[in-house]
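Working notes, structure below.
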Amino acid sequence: SLWLVLLTTFLTPICVLAAWQSIEKGVSGFMISLLMLETGMLGVFCALDLFLFFVFWESMLIPMYFLIGVWGGQRRIYATVKFVLYTMAGSVLMLVAILWLYFATGAKTFDILTHLSDPVDHALQGWLFAAFALSFAIKVPVFPFHTWLPDAHVEAPTAGSVILAGVLLKMGTYGFVRFSLPLLPKASETMVPFMALLAIIGIIYGALVAMAQSDVKKLVAYSSVSHLGFVMLGIFALNSQGLVGALLQNINHGLSTGALFLIVGILYERRHTREISDFGGLAKVIPVFTVFFAITMFSSIGLPGLNGFVGEFLILVGAFQVSKIYAAFAVLGIVLGAAYMLWLFQRMMFGGVDKPENEGLADLNKREVIYLMPLIILMFWIGIYPKPYLRILEPAVNNLVRQINLAK
């Protein structure tokens, strides 16, 4: 939980700075919603009680509903209703599974640590895994439960998109690692081929659909489907390298995709369009912006020396130990990811300035540099020297792998 708690508290002030000028109506309501959302997310990552976890899981829907529904784009009501309905549909089954754990075990408690010491009967683990997995898969989102994500991202304000990509999606992957694997190890092991298949489909499908987008924000949204597929593949490798890589990639995705949404938001504030065809030759007009965009783009595609490479490498090592086929398809996803991001950068930044509206664009101001710079620093730090991050993750992951192996 530690790095996810820090990621949440790190991104929230950045979102406040990003919304400094873009939110003009109901500023106090926007900030209240943002802080309520932060409270819900921190509660999810800190809860050691199943029922408390569920309460925080559901409570963060309310501020997110308002963030998108009040301060979002033209189709904001459609997007926010779809987001809430999808999430609540999965949450109902999770509540059933939590109640079953309470009543069917002799402990009659919601305490997570007690349930970890009293494993569930093998015959029932499959049903409980399915109930938990559906809720977590929708939140990740795993293919084919991903359709709410592009709508929510496109219609959300910039700060909402950053929190959604940076933290909210991680609640799904966190749920798998925190509950499904340790509480239901036998079912988790049995479901490895199925979950790995869904992860690989998500990796390749997300990349191909991202490549076809004409709206830059929707492209970044579909890239999240692909990147979170990598995280899921690492989790269900069920070995130390895969799990450490997955948990680190959670953080990496929050930094790189969060930064991409901030960059898209900066551009939208200046031009009020997100169509890729409306840009071109921006490197000549806004060079500082171009440098920040380039670093973030290279981080997203996993260039060695930046944070994305470390997580993806560990996930591939873990997946390779389980199946060479899994690893081969995952590598295809990396190639496609590089293709759509580099193509996006080429179309927007290079070439001639063929739109008169782009000739007078203002480069990054001090406020924008201030909130983007910490993200860039962390991208290089994790990419060059990831040891401090891995050292904290490894003991917990090794303990989890040991629990899974004992239950076999």
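A few comments on the model shown:
- Taking the criterion of being in contact with a Phe, Trp or Tyr (Cβ under 8 Å, 6 or more places away or on another chain), of a type in the set (A, V, I, L, M) and outside any helix (DSSP H, G or I), the only residue of region 362-408 that qualifies is LEU364.
- Contact annotation: residue pairs with Cβ atoms under 7 Å, 6 or more positions apart or on different chains, pairing a residue in region 3-24 that is in contact (Cβ under 8 Å) with a residue 40 or more places away in the chain with a partner that is open to solvent by less than 50 Å² (accessible area, probe 1.4 Å) and not in a helix (DSSP H, G or I), are ALA19/PRO157; SER22/PRO157; ILE23/PRO157.
- Subset of region 189-215 (residues that are open to solvent by 10 Å² or more (accessible area, probe 1.4 Å) and within 24 Å of HIS272 (Cα to Cα)): VAL209, MET211, ALA212, GLN213, SER214, ASP215
- Per this entry, GLY318 is counted among residues that are open to solvent by less than 40 Å² (accessible area, probe 1.4 Å), within 16 Å of VAL231 (Cα to Cα), at pLDDT 90 or above and small (Gly, Ala, Ser).
- Which numbered condition ILE32 misses (of (1) touching a strand residue (DSSP E or B) at 6+ places or on another chain (Cβ under 8 Å); (2) open to solvent by 50 Å² or more (accessible area, probe 1.4 Å)): (1)
- Residue pairs whose Cβ atoms lie under 8 Å apart, sitting 6 or more positions apart in sequence or on different chains, and linking a residue in region 192-203 that is farther than 13 Å from ILE235 by Cα and at pLDDT 90 or above to a partner that is open to solvent by 20 Å² or more (accessible area, probe 1.4 Å) and not in a helix (DSSP H, G or I), are ILE201/PHE143; GLY202/PHE143.
- Residues satisfying the stated conditions in region 372-386, i.e. under 13 Å from GLY258 (Cα atoms) and crowded, with 21+ Cβ neighbours inside 10 Å: LEU372, LEU375, LEU378, MET379
- Leading residue by the ranking (most open to solvent (accessible area, probe 1.4 Å)) among those in region 336-362 that are of a type in the set (A, V, I, L, M) and more than 20 Å from the chain's Cα centre (by Cα): LEU342
The values are calculated or read from the model by the stated rules, or taken from the named source; none is laboratory data. Every value quoted in this text rests on a predicted model; they were computed, and no experiment measured them. Neighbour counts are summed over all protein chains in view; Cβ atoms, including those assigned to glycine, are modelled from backbone coordinates with ideal geometry. With ligands, DNA and RNA removed, areas are computed over all heavy atoms of the protein, side chains included. Shrake-Rupley method; radii C 1.70, N 1.55, O 1.52, S 1.80 Å.
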